[in-house]
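K.L.:
My questions all concern the structure below.
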Amino acid sequence: KQRTVLLATEKAFAAGAVTKIESVVKAANYTLKKLENYKGKDDLLAAVEGADAMIIRSDIVDAAVLEKANQLKIVVRAGAGYDNIDLKACESKGVVAMNTPGQNANAVAELVFGMMIVSARNNFDGTSGFELVNREIAFYGFGAVARAVHKLAQGFGMKSFAYDPYIPADKIKEMGAEPVSSVAGLFEHQYVSLHVPLTDETKASINKALLSKMPKGGTLINTARVEVVHEADMLEVLSTRSDFCYLCDVAPKDIEPFKAAVGDKFGKRLIFTKKKMGAQTAEANDNAGVAAANQIVGFFEKGETRFSLKA
Ligand code: NAD
């Protein structure tokens, strides 16, 4: 039987990426079924029936979806964060779940620097700003995105610090960053950049106690997930510290109180994207989409499970 790969993307990939995904799938003699820009969960529930594999982005794959997906063997999140997949439900259904780590890291890293420069130059409002050279940046999580940011930071002549309990301190040192032994230790540096996945441990972990420790000009950069930051605490710190900046790719849902808290017309202290844009580049779209398609082919043809996720 010919295998069917469902491309289920509530926010579609760029057309060029879809063409590339399609050619990988066709080369393996599989069929690509597309459900792009769908409007509601019912559309997804109807489309998953009979699919052997699925490529998704931020699409929710929960028990209800898995229940309908009677043929599904593998679901691949084209991207890094996989908090939209119910891994326990996948496990109990015998469905392999994967992400495509690193494929969008450079895109996110460039956005981080874009936001830092806009912030350091006061959103180009005509006033004098400052330079990034010799400044300190500390990474919460030192995976693919953080390392890509670190590489750019080295080019800018910045000093890097990192906290990641899953990576040996020696390895962090080898990569040219200073290991930090606690989350709190990160907040002694001017810039703190979040690159941890959203988990029970990281959820709302960035709170007032940590943010208040930051030195003058303290700036939090969040390209991870909005839920990692304790929003009420962030609002309070933005309101009470006139030097504090928040640069976020994952803007709070209700941005108005945040704008009111900073009260500056030019958005010097609060920089945010209209919607999550970190991975929104032609290159990252292509890389993640093609990697997802290749991982599906590798899984069926060679039993490859290198990027499979554990519940
Ligand atoms: P990654 O898996 O390569 O790195 C995550 C790192 O976090 C790992 O090194 C892991 O050891 C570390 N970590 C996990 N739990 C931790 C904890 N409690 N404390 C400290 N470190 C911890 O992932 P990545 O590609 O670097 O992406 C990181 C996160 O950024 C993703 O999970 C995703 O949520 C987010 N992301 C957002 C965008 C975007 O469009 N804005 C794009 C890519 C990734």
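The values are calculated or read from the model by the stated rules, or taken from the named source; none is laboratory data. Since the model is a prediction, treat every value here as computed from it, not as a measurement. In this analysis, Cβ positions are derived from the backbone assuming ideal geometry, glycine residues included, and neighbour counts consider all displayed protein chains.
K.L.:
All but one of (1) within 14 Å of the chain's Cα centre (by Cα); (2) at pLDDT below 95 hold for K268; state the number of the condition that does not hold.
P.N.:
Every listed condition holds for K268 apart from (1).
K.L.:
Quick test for you: out of F113, F139, F130, pick the one residue that is at negative phi and within 11 Å of the ligand (Cβ to nearest atom).
P.N.:
Result of the check over F113, F139, F130: F139.
K.L.:
In segment 15-33, which residues are closer than 20 Å to R77 by Cβ and in a strand (DSSP E or B)?
P.N.:
L32, K33
K.L.:
Going through segment 177-205 one residue at a time, which ones are touching a strand residue (DSSP E or B) at 6+ places or on another chain (Cβ under 9 Å) and over 17 Å from F161 (Cα atoms)?
P.N.:
Selection gives T202, A204, S205.
K.L.:
Sticking with this one: Which of (1) more than 30 Å from D243 (Cα to Cα); (2) outside any loop (DSSP other than H, G, I, E, B) does L152 not meet, given it meets every other one?
P.N.:
It fails just one condition, (1).
K.L.:
Is it fair to say E110 is farther than 26 Å from K275 by Cβ and either out of contact with any His (no Cβ under 8 Å at 6 or more places or on another chain) or not polar (S, T, N, Q) (or both)?
P.N.:
On the way: farther than 26 Å from K275 by Cβ: no; either out of contact with any His (no Cβ under 8 Å at 6 or more places or on another chain) or not polar (S, T, N, Q) (or both): yes.
So E110 does not fit the description; no.
K.L.:
Identify the single condition in (1) closer than 26 Å to A224 by Cβ; (2) in a helix (DSSP H, G or I); (3) touching a helix residue (DSSP H, G or I) at 6+ places or on another chain (Cβ under 9 Å) that L45 does not satisfy, given that it satisfies every other one.
P.N.:
Looking at each condition in turn, L45 falls short on (1).
K.L.:
Evaluate the following for K151: is it surrounded by fewer than 17 Cβ atoms within 10 Å (Cβ to Cβ), among the basic types (K, R) and touching a residue at least 12 places away in the same chain (Cβ under 8 Å)?
P.N.:
On the way: surrounded by fewer than 17 Cβ atoms within 10 Å (Cβ to Cβ): yes; among the basic types (K, R): yes; touching a residue at least 12 places away in the same chain (Cβ under 8 Å): yes.
Spelling it out, K151 is indeed surrounded by fewer than 17 Cβ atoms within 10 Å (Cβ to Cβ), among the basic types (K, R) and touching a residue at least 12 places away in the same chain (Cβ under 8 Å).
K.L.:
When the residues of segment 154-175 are narrowed to those that are out of contact with any helix residue (DSSP H, G or I) (no Cβ under 8 Å at 6 or more places or on another chain), at negative phi and small (G, A, S), which ends up surrounded by the fewest Cβ atoms within 10 Å (Cβ to Cβ)?
P.N.:
Looking at residues that are out of contact with any helix residue (DSSP H, G or I) (no Cβ under 8 Å at 6 or more places or on another chain), at negative phi and small (G, A, S), I get G155.
K.L.:
Can you find a residue that is modelled with pLDDT under 95 and within 19 Å of the chain's Cα centre (by Cα) anywhere in segment 232-251?
P.N.:
The answer is yes; a qualifying residue exists.
K.L.:
Mind telling me which of the residues A146, A162 ends up being touching a residue at least 24 places away in the same chain (Cβ under 8 Å) and in contact with a His (Cβ under 6 Å, 6 or more places away or on another chain)? Give the steps one after another, and end with the answer.
P.N.:
Details: A162 fails: in contact with a His (Cβ under 6 Å, 6 or more places away or on another chain).
Testing whether each residue is touching a residue at least 24 places away in the same chain (Cβ under 8 Å) and in contact with a His (Cβ under 6 Å, 6 or more places away or on another chain) leaves just A146.
K.L.:
Further question on the same structure: If I ask for residues that are under 15 Å from A146 (Cβ atoms) and of a type outside the set (V, I, T), which ones from segment 186-197 would you list? Can you show your working first?
P.N.:
Looking only at segment 186-197, we keep the residues that are under 15 Å from A146 (Cβ atoms), and these are 186, 189, 191-197.
Hits for segment 186-197 are L186, H189, Y191, S193, L194, H195, P197.
K.L.:
In segment 27-40, is there at least one residue being among the charged types (D, E, K, R), surrounded by 13 or more Cβ atoms within 10 Å (Cβ to Cβ) and in contact (Cβ under 8 Å) with a residue 60 or more places away in the chain?
P.N.:
Among the residues of segment 27-40, not one is among the charged types (D, E, K, R), surrounded by 13 or more Cβ atoms within 10 Å (Cβ to Cβ) and in contact (Cβ under 8 Å) with a residue 60 or more places away in the chain, which makes the answer no.
K.L.:
Keeping to segment 268-311, report how many residues are aromatic (F, W, Y) and in contact with a Cys (Cβ under 8 Å, 6 or more places away or on another chain).
P.N.:
In the first step, residues of segment 268-311 are kept if they are aromatic (F, W, Y); the result is 272, 299-300, 307.
Then drop every residue that is not in contact with a Cys (Cβ under 8 Å, 6 or more places away or on another chain), which leaves 272.
The total comes to 1.
K.L.:
While we're here: Could you check how many residues of segment 52-104 are among the basic types (K, R), more than 16 Å from T9 (Cβ to Cβ) and touching a helix residue (DSSP H, G or I) at 6+ places or on another chain (Cβ under 8 Å)? Before the answer, list the steps.
P.N.:
Here is the first cut: in segment 52-104, the residues among the basic types (K, R) are 57, 68, 73, 77, 88, 93.
Within this subset, residues satisfying the condition of being more than 16 Å from T9 (Cβ to Cβ) are 68, 73, 88, 93.
So of that shortlist, the ones also touching a helix residue (DSSP H, G or I) at 6+ places or on another chain (Cβ under 8 Å) come out as 68, 73, 93.
Result for segment 52-104: 3.
K.L.:
Against the condition surrounded by 13 or more Cβ atoms within 10 Å (Cβ to Cβ) and polar (S, T, N, Q), how does T19 come out, does it pass?
P.N.:
Working: surrounded by 13 or more Cβ atoms within 10 Å (Cβ to Cβ): no; polar (S, T, N, Q): yes.
Judged against the criteria, T19 is not a match.
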